[in-house]
Structure formats: C-alpha cells, structure tokens
Amino acid sequence: MKKDYEDIPGTFVFDADRSREGYHLNQFCISLGKQKGRDAYTADPEAYLASFPMTEEQRQAVRDQNWNRMLELGGNVYYTAKLAAYHGINFQGLAGLMTGMGRDEYRDMMLNGGRSIEGNRYKSEWGEE
C-alpha cells in the first residue's frame, strides 16, 4: 500500500515497514561502531557481509557505497553513517554525497536556510508519476 509520504521527493521515510526490511542491513552498519566489527570487515569484507542475512541488493548497495539505495532498502541514515565513518566520510560529507551537492555546497545551502520548498513539496507536482 502506497503511503502519502512516499510522494516527498528525495526522501525515504524510515517507518516500521522499512525498519523490518532493513533490520539486518542496519545491524551490519551498527556493528561497525565497534572495533571488533571494523576489524572483521577490514579483514574480509565479503565474509563479514555474508554473516548478516541481508538481501543481495542490500549487500550490493554496501559494496557500491550507494547511500540513497541503502535508505531505500530499509537503511536508517544514522546507522548507515557508521558505514560512512568507516570509509572516512563524516555526516556532513555523507549528506553532500546523498544530495549530489558535495560537502561544501551542502554546508553552504544549509547555512543559507536549506533547500527551497518550491518545486520540492511533492513528486506528483513534477508530473513524472
């Protein structure tokens, strides 16, 4: 069932359905908050990924560092930020990557009041759906 908030452009709302879908992806990401998890992932990324019963799509998103796809597949931005940090990307840099702006442009946009709401309220306003 399509939810009203799925019409928000560029947004994957982390709701109960996404939480269930992304549980193992999020468990993988949060495991990187501990040295033991980082060491295991560094030693053998594929074996460590295989130790979490994620879907192949989720594993591929991790391999590709496709941050938006991870969210679409149930990832929580705060958990996926652990994976970004593992790769040396801070949260501001992650937001820049996810928006396609880059860190500095994203920072400047936020310091100047954020993205304009005009044309960004609903995907249906774009005439593409």
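So the values come out like this:
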| quantity | calculated |
| --- | --- |
| Yes/no for Arg107 being basic (Lys, Arg), in the same structural domain as Ser19 (by TED's automatic domain parsing) and either more than 21 Å from Asp15 (Cα to Cα) or in contact (Cβ under 8 Å) with a residue 12 or more places away in the chain (or both) | no |
| Hits in the stretch 14-66 (condition: surrounded by 16 or more Cβ atoms within 10 Å (Cβ to Cβ), out of contact with any Gly (no Cβ under 7 Å at 6 or more places or on another chain) and at pLDDT below 95) | Phe14 |
| Matching residues in the stretch 37-81 - criterion: being hydrophobic (A, V, I, L, M, F, W, C) and in contact with a His (Cβ under 9 Å, 6 or more places away or on another chain) | Phe52, Met54 |
| Search result, residues across the stretch 24-53 that are closer than 16 Å to Gly88 by Cα and touching a Leu at 6+ places or on another chain (Cβ under 8 Å) | Cys29, Leu32, Arg38, Tyr41 |
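The values are calculated or read from the model by the stated rules, or taken from the named source; none is laboratory data. Only a predicted model underlies this, so the values are computations on that prediction, with no experimental measurement involved. Methodologically, a virtual Cβ is constructed for each residue, glycine included, from the backbone with ideal geometry; neighbour enumeration extends over all protein chains shown.
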